[in-house]
Amino acid sequence: MSKGVAITGMGIISAIGNNVSENYTALINEAKGISRISKIDTIHKDAIMVGEIDFTNNELAGLLNLPANNNYSRTAMLGAIAAKEAVKNAGITKISKYKTGLISSTSVGGMDMTEKYYYEYLEDTRKQKYIESHHAGDATQKIAEQLGIKQSLVTTISTACSSAANAIMLGARLIKSGELDRVIVGGKDCLSKFTINGFKTLMILSDTYNTPFDENRKGLNLGEAAAYLVLESDKVVQAENKKVLGYVKGYGNANDAYHQTASSENGDGATLAMQQALKVANLQPSQIDYVNAHGTATANNDLSEGRALLRVFENNVPDFSSTKAYTGHTLAAAGAIEAVYSIFAIQNNVVFPNLNFKTQMKEFAITPQTDFKYKPVNTVLSNSLGFGGNCSTLIFSKNQ
Amino acid sequence: MKKVYINSVASIAAQKTFDNTTFLEDVTHYTETVLPLIDPNYKEFIPPAAARRMAKGIKMGVVASRLALHEANLENVEAIITGTGMGCVRDSEKFVSAIIDNNEQYLTPTSFIQSTHNTVGGQIALGLNCKGYNFTYVHSSTSFESALLDAKLMLACDEAKTVLVGGVDELGDHTVKIHRLIKHIKQVPVNSAQLLESKTEGAVFAEGANFFVLANELQKTSYAEVVAVKTYNTTTSTVTQVVEQFIADNNLLINDVDAVVLGCNGDVTYDLPYDELQNQLFANIPQLYYKHLCGEFNTASSFGFWLGARVLKEQRVPVAVQLNAQTKKEYKNILLYNQYRGKDHSLTLLRKC
């Protein structure tokens, strides 16, 4: 059993940077990663904007020293890069020294290759190597191999846009219960025609920069990214004299049970998830210093989440912002990306701005933080809400 | 830590297993490479209009979960944890092919919405109005065991008192076609009674849904105790060593294991670890197998879990699943072992309650 769940390493690749320090620099410089799409040939290219990672697949394969005959999807490569950075960042040299697990997450899995070679598989034997990379667990298996995690607990969660938050939550529970001493948790998703067209048919893609919590918001920008945290038990932290970046203090998961894709008007699921996370963390709402909101900039999400914030925090909603204006909505990875940003907030005592905000929403009076605010940040609450009614909240803290 | 019990079971498979008053007395033998499903009457559980809109996996999952809740005498549960290796493949196939065939035009959102891996878990929650914890695991052949591990952790720590756990996978035409090409599916049909003698590459694919109510209170309907579940992404030692360690970690001796349920699927390349256990460590105890009956799919091991639970409750092993001639007067501890294509192994220990 471990009382604390320490975060001792982080790794990230997103549209605003290829590693931890680049991401922080971009956040501080208000450098958005939103642009027109360049790596996928879609007929919607002039109608949407995305958060795309600069590297091509060949460049990513080069960074990982993969052999030419590898069958990595883009999702797997992004995940492997971020997970390796997290392990390195945590100063881990011998991964098998402690009971180490890997809990990853994805929503698209190997769909990028499937949609490229769907019919070619039937004729071109050279392309058939990607058939096995389609399933959601494939990228996780590959990341485990890259990290040298063997004969261990390795699994994958897919709960749409809350996936990575749930991976972090499970990891924290496994550390607390003593099932594992150390666990690498996070998520990854690449851009694909599948998700572009899916969200397009739902009519929730913005044709310009996304504007979370703005009255005139037009929808989300899809993004691609991967991020991982290393979670370690008290025992490991003490034995290795580890530098702790922060703690996973609370977590909550609830289902909206309202609609397959839409959130309930009053944010029942999000409210329950936040309340549960506060209970696990043993914190009062007034003790939260910053809320990193899910804030996708869709009409439905921001209204529902805003109402849930009002229900949980009543008239004292803490400083809140969505960082999706920087990265786009990175689907299954979002919870892990925003976990890294929450740790940045704690480490640097800063609340990041909710970029692109102009007009107050008329349904309520709460306004996101629109410029940098430097103040002591000891606790951050981060929301991730997804299809299937899946609502998750994580609370990160500076001290145990 | 609280004990964890299986309080109900529900299976929809290539056998008539949805009726718990029978227990594999009357099995269907197939000579196929892909098995059909023996469907319950979905309309008894879902309004016909809703049933028509639901993909196969959703329908199977929703009905299996209803059956499981009914047997456990529950109206609702505190958490829903689903395992699915491939997710909703039919809707994924529909949406990808529509994107390609129509050059990204004239698309409708239905198949995209239903293609999400957590659709089954979400639909079950929606049907029950269950606002509790809801997770979906999608890790190949340990998708179900990951769900089981989560449920066990939750119940043992008393974070919930009742959890619905299930494994569900559906087949899609294109997925079948391409897995045939890469020989994950057998090239030549084999009679299910002779599956293990086929000596050919690949497995016989199928689909199915097995759902269970797990709880930390024993009740009249209880089948067995879930003592332990462990997953291994790879094995670095022999399967015998892995099993010996697992048994020792649970304070048992190999002799305490009364029967072993093996996930062998007749793939000549990948059945070797099963053969090793069958011929050595567990040569002298009853051995059970089941994939000749339910076929192979990422969550087929949930059928093995169903089988183990039923054997412990009824204290008898149906002839159709006997892999050797051994029998026991009493079945107390049953060990389940599964892996797929040499990866993602799992060991589950069930005990009579």
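Readers should treat all values here as calculations from the given coordinates under stated rules, not as data from a laboratory. Remember, predicted model here, so these are calculated numbers, not experimental data. We place every Cβ from the backbone using ideal geometry, glycine too, and count neighbours over all the protein chains shown.
Under the simplified labelling scheme, the B:Gln326-B:Cys157 pair shows an inter-label distance of 3.7 nm, with each label point 7 Å from Cα along Cα→Cβ. Along the charge dipole of the stretch B:5-215, Cβ charges K/R +1 and D/E -1, which of B:Leu74, B:Val188, B:Val165 sits furthest on the positive end? The residue sitting farthest along the positive end of the dipole is B:Val188. Structural descriptor for chain A: relative contact order 23 percent, calculated from alpha carbon pairs under 8 angstrom and at least 6 residues apart. Quick check on the stretch B:224-353: of the DSSP beta bridges with both residues there, what percent are antiparallel, nearest 5%? Antiparallel bridges make up about 70 percent of those DSSP assigns within the stretch B:224-353.
May I ask for log10 I(q)/I(0) of the stretch A:249-397 at q = 0.10, 0.13, 0.19 Å⁻¹, from a Debye sum over the Cα atoms as equal point scatterers with solvent left out? Result of the Debye calculation: -0.28, -0.49, -1.15. Pairs exceeding 29 Å between alpha-carbon atoms, taken from A:Lys99/B:Lys329; A:Lys3/A:Lys88; A:Lys324/B:Lys56; A:Lys94/A:Lys375; A:Lys45/B:Lys94: A:Lys99/B:Lys329; A:Lys324/B:Lys56; A:Lys94/A:Lys375. Comparing B:Phe305, B:Phe112, B:Phe211 in a Gaussian network model of chain B, where Cα atoms under 10 Å apart are tied by springs, the biggest mean-square fluctuation is seen for B:Phe112. Rounded to the nearest whole angstrom, the semi-axes of the ellipsoid equivalent to the stretch B:27-82, taken from the Cα gyration tensor as √(5λ), stand at 24, 16, 12, largest first.
If you take the square roots of the eigenvalues of the alpha-carbon gyration tensor of the stretch A:126-230 and sort them as a ≥ b ≥ c, do you get rounded (a/c under 1.5), prolate (a/b over b/c) or oblate? Judged from the Cα gyration tensor, the stretch A:126-230 comes out oblate (a/c at least 1.5, b/c at or above a/b). Our summary gives chain B a relative contact order of 25 percent, counting only alpha carbon pairs under 8 angstrom and 6 or more residues apart.
Remark: chain B projects, on average over all directions, an area of 17.3 nm² (convex hull of Cα atoms). Around the Cα centre of the stretch A:249-397, unit charges on the Cβ atoms of Lys, Arg, Asp and Glu (plus for the first two, minus for the last two) sum to a dipole of about 220 debye. One compactness figure for the stretch B:1-129 is 1.23, namely its Cα radius of gyration divided by 2.2 N^0.38 Å.
Separation of the stretch B:279-353 and the stretch A:335-369, taken as the distance between their Cα centroids, equals 52 angstrom.
Summarising the label geometry, the points placed 7 Å from Cα in the beta-carbon direction at B:Thr236 and B:Gln187 lie 3.7 nm from one another. Across the alpha-carbon atoms of the stretch A:29-105, the computed radius of gyration and Dmax are 16.3, 51 angstrom.
Straight-line cross-link reach from A:Lys243 at under 18 Å between alpha-carbon atoms covers these aspartates and glutamates, not counting any fewer than eight positions away in the same chain: A:Glu85, A:Asp181, A:Glu232, A:Asp234. Here is the list for the stretch A:70-124: trypsin sites (Lys or Arg not before Pro) lying in DSSP coil, each with at most 13 other C-beta atoms within 10 angstrom of its C-beta, are A:Lys94.
For the stretch A:85-132, the equivalent ellipsoid built from the Cα gyration tensor has semi-axes of 36, 12, 10 Å, listed from largest to smallest. Against the empirical 2.2 N^0.38 Å (N residues), the stretch A:6-240 has a Cα radius of gyration ratio of 1.04. For the stretch A:249-397, the relative contact order works out to 36 percent when only alpha carbon pairs closer than 8 Å and six or more residues apart are counted. Using a simple spin-label model with pseudo-atoms 7 Å out from Cα toward Cβ, B:Arg341 and A:Tyr119 lie 2.5 nm apart. Normalising by residue count, the protein assembly as shown has a Cα convex hull of 139 Å³ per residue.
Taking every Cα-Cα distance in the stretch B:226-351 and sorting them into 10 Å bins from zero, the calculated P(r) comes out as 13, 51, 33, 3 percent.
Using the alpha-carbon positions of the stretch B:5-215, Rg (one decimal) and Dmax (whole number) come out as 17.9, 52 Å. Identify the residues of the stretch A:103-124 with backbone N under 18 Å of a label point that sits 7 angstrom from the Cα of A:Ala47 along the Cα-to-Cβ direction, or state none. It comes to no residues whatsoever. A compact globular protein would have a Cα radius of gyration near 2.2 N^0.38 Å; the ratio found for chain A is 0.91.
Of all DSSP-defined beta bridges confined to chain A, some 65% are antiparallel rather than parallel. The distance linking the stretch A:186-212 with the stretch A:89-157 is 23 Å (Cα centroid to Cα centroid, whole angstrom).
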